[in-house]
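The values are calculated or read from the model by the stated rules, or taken from the named source; none is laboratory data. Note that this is a predicted model, so its numbers are computed, not measured. When we count neighbours, we look across all protein chains shown, and the Cβ atoms used for this are built from the backbone with ideal geometry, even at glycine. These accessible areas exclude ligands, DNA and RNA; they are computed on the full protein's heavy atoms, side chains included. Shrake-Rupley method; radii C 1.70, N 1.55, O 1.52, S 1.80 Å.
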Amino acid sequence: MDPTVAQLAAAVRAALGRLGLPDGDPALERPKDPDHGEWATTIALRVARAAGRPPREVAADLAAALGDLPEVAAVEVAGPGFVNFRLSAAARAALVRRVLAEGEAYGRSALGAGRHVNVEFVSANPTGPLHLGSGRWAATGDAIAALLDATGHRVTREYYVNDVGEQVRRFGASLVRADRGEPPAEDDYRGPHVAALAADLRAAHGGALLTGDVDAIADAVGAAGVDAMRSRIEATLAGLGVVFDVWTREGSLHASGGLERALTRLRDGGHTEERDGALFLRTSAFGDDKDRVLVRSDGRPTYFASDCAYLADKLGRADRCIYLLGADHHGYVARLRAAAACLGEDPDRVEIVIGQLVNLLRDGQPVKLSKRSGDIVTIDEVLEEVGPDVLRYHFLRQNLDTTMDLDLAVVTARSMENPVYYVQYAHARVASLARQAVERGFDPGDPADADLELLDHPAELALLRALSGLPHVVADAAEARATQRLTRYAEDLAGTFHRFYAECRVLVDDPDADEAARAALLACSRARYWLVTAARQVLANALGILRVGAPDRM
RNA sequence: GCGCCCGUAGCUCAGUCGGACAGAGCAGGGGACUUCUAAUCCUCAGGUCGCAGGUUCGAUUCCUGCCGGGCGCACCA
């Protein structure tokens, strides 16, 4: 927590106590309008009713009772009963020094107290290359993980691989038929990647793998295919800048006995029931719409049984399990949480984040994807055109609750329609400034010696104000699992910087001026130099958490 | 039919725990580079926050209903 905010909150509560007013959370907020100061509280509005007095009067008393506060230049009552705080020049100077001193750590916090969070995302079946729509989950899951890491959590990024079962068998059969040049069957996987992978398998394994009756070898071929495709997916994700810590294969849960152990645990917990020869889990007892089948009447376990085993496994490894799922899986929310309860675990340790789906457009027209032909738009092909920063940033900008209309023509345009360039340019501009400083032999001195209280131009004040926001934004974004709050902040900060840059010259000198005037110019240059250096750090930190590059040149 | 999500400027979208005049980018009109990167800045125009009620000192935000759109409701995987 920002030391200033903590101090203000404590001072407000103390003042409430002195006035005999009801205690309450000051809930310090940042006014949208800079004229209202750096911080504000609405506590007077909220306790006015209980106090039986007009809010403005309460606010005035509160402001008076606060007295002099460190780092605060003025306390003002405004509007219906807001109490606004205006920070002192010394506080602003301290902010710059703090950013410079903390460096990469500025914006990070220990709010998570080292709790271990497992974030599972993407987990697409490795029966084909990653579709562009999966990019949303890849970018978002990775950034949420980074946000949690930045707020003091221990984070595991995990991908669950479906490598057994009917889908894999079907995939194997598709590969065999493709290898033999036979037409695909009704439920076969199709598309160029199937034939290409079949050829790869033949090249890698020779004929042995692909010889024999289709039904007899489908499982083995499917497993080999999944293995190969999983590697390709891993490479695609790496291209997007996403690296998973753990890949858990469903088959390993079967082989390790984890599945059996989970079933036993569920039976022993008394939450299962034989019905029509099948084994049901009574998830409806914990909020699910209906009970779910664990073992079919023919004895084969369902995917849900694996899901339970996997959940039990993860809960044994982490304090909290986050699943990032597409809206087409929102039906899983109730059953997964119920499964946790049936396992005897606290369902609140299971958090499911649902993201709405992605509609692909090109020049405003929907891109028709033909499932029959296996015609899809892959992450790889888009990455070839624009690189990871643009694509990641595009996905991270938008609220997960809204369906994303992703226009390929816009995404692939190397134009200013991609706000990531706007943010990166701000960073590159400071880097360029630093190069200029060196070229001109400018000596910035030490930030401890710079007179940072000189910073009082409106554009400078706006930039300082923006810089102070990062820790709060990171904490909020992490808490809300809302990456767009950080992208929005980065854009606001970049805009504030660009306006500053247009209005205030950093490297100033006038060889014709007298000594005193030149000394004043140097002091101004130094203060501004450290201000923009701090801005560069904050931009880099924000982009770093988003895992988007912060280039020194563009 | 039931459940989840969405509806904010021409377009794509922000809007934090209910708070101060509802914001940004793009598109459109008009301006600014012999000086640290013009991938920038300034300015104008653009809104019944889907509709109707309710709660509140205060509602884009919370509640109810309706309209419109997306997704889901398997002994499928």
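The fraction of accessible area contributed by carbon and sulfur in chain A is 50 percent, rounded to a whole number (1.4 Å probe; ligands and nucleic acids excluded).
Shape analysis of region A:287-366 yields a ratio of the Cα radius of gyration to the Kirkwood radius, Rg/Rh, of 1.10.
Once the mean of 1/r is taken over each pair of separate Cα atoms and inverted, region A:3-87 shows a Kirkwood hydrodynamic radius of 12.4 Å. For region A:88-131, what does the alpha-carbon gyration tensor say about shape, rounded, prolate or oblate, given a ≥ b ≥ c as the root eigenvalues, a/c under 1.5 as rounded, and a/b over b/c as prolate? Note, shape of region A:88-131 comes out prolate.
Protection proxy ranking, highest mean first, for peptides A:528-534, A:354-360: A:528-534, A:354-360, where packing is the per-residue count of other beta-carbon atoms within 10 Å, averaged. Placing +1 on the Cβ of every Lys and Arg and -1 on the Cβ of every Asp and Glu, with nothing else charged, gives region A:3-87 a dipole about its Cα centre of roughly 280 debye. Express in % the proportion of alpha carbon pairs of region A:419-546 at distances exceeding 25 Å. Tail of P(r) above 25 Å: 28 percent of Cα pairs. Summing charges over neighbours of A:Thr140, with a neighbour being any other residue whose Cβ is under 13 Å away from its Cβ, gives +4 when K and R count +1 and D and E count -1.
A simple spin-label model places the labels of A:Ala517 and A:Ala185 9.0 nm from each other, with each point 7 Å out along Cα-to-Cβ. Between the helical axis of A:332-342 and the longest alpha-carbon principal axis of chain A there is an angle of about 80 degrees.
Can you compute the modelled spin-label distance between A:Tyr303 and A:Ala74, with each label point 7 Å from Cα toward Cβ, in nm? Label at A:Tyr303, label at A:Ala74, 6.2 nm between them.
Indicate the gyration tensor shape class of region A:302-455 (rounded, prolate or oblate), computed on the Cα atoms with a ≥ b ≥ c the square roots of the eigenvalues: a/c under 1.5 is rounded; otherwise a/b larger than b/c is prolate and the rest oblate. Oblate shape, in that a/c is at least 1.5 and b/c is the bigger or equal ratio. Note that region A:180-293, at 10 °C in a medium of 1.306 mPa s, gets a Stokes-Einstein diffusion coefficient of 88 µm²/s from its Kirkwood radius over C-alpha pairs. Distances between placed amide hydrogens fall under 5 Å for A:Ser88 paired with A:Val72, A:Ala73, all partners being 5 or more residues away or on another chain. Helices in chain A, meaning DSSP H runs of at least 4 residues, each add -39500 (n - 2.57). Divided by all residues, the mean residue ellipticity at 222 nm is -16000 deg cm²/dmol. Between amide H atoms placed 1.01 Å from N, distances below 5 Å from A:Val161 occur with A:Thr248, A:Arg249, A:Glu250, all of them 5 or more places distant or on a separate chain.
On full extension, the segment bounded by A:Asp451 and A:Ala480 gains 6.6 nm, given 0.36 nm per residue less the C-alpha separation. Near A:Val358: Cβ cut-off under 15 Å, other residues only, Lys/Arg at +1 and Asp/Glu at -1. The net charge is +1. Normalised size of region A:166-235, defined as Cα radius of gyration per 2.2 N^0.38 Å with N residues, equals 0.97. Axis of helix A:515-546 versus longest Cα principal axis of chain A: the two differ by about 20°, to the nearest ten degrees. Relative contact order, whole percent, for chain A stands at 15, derived from Cα pairs under 8 Å and 6 or more residues apart.
Just so you know, the Rg over Rh for region A:1-145 is 1.17, from Cα atoms, with Rh as the Kirkwood radius.
Each label was represented as a point 7 Å from its Cα along the Cα-to-Cβ direction; for A:Glu273 and A:Asn399 these points are 4.0 nm apart. On C-alpha positions alone, give me the angle between the axis of helix A:470-480 and the longest principal axis of chain A, in degrees, nearest 10. Around 30 degrees separate the two axes. Solvent-accessible surface of chain A, taken per residue with a 1.4 Å probe and all protein chains present: 45 Å².
Residues with beta-carbon under 14 Å from that of A:Glu381, excluding A:Glu381: net charge, scoring Lys, Arg +1 and Asp, Glu -1?
-2
Packing, as the average of other Cβ atoms within 10 Å across residues, places the peptides A:163-173, A:433-443 in the order A:163-173, A:433-443, highest first. Each of A:Met229, A:Ile352, A:Val75 was scored by the projection of its Cα onto the charge dipole of chain A, and the greatest displacement toward the positive side belongs to A:Ile352; charges sit on the C-beta of Lys, Arg, Asp and Glu. Computed over all pairs of different Cα atoms, the Kirkwood value for the hydrodynamic radius of chain A is 27.2 Å. Under 5 Å between amide hydrogens, built in the peptide plane, is the criterion, and for A:Arg292 it picks out A:Leu281, A:Thr283, A:Ser284 among residues at least 5 positions away or on other chains.
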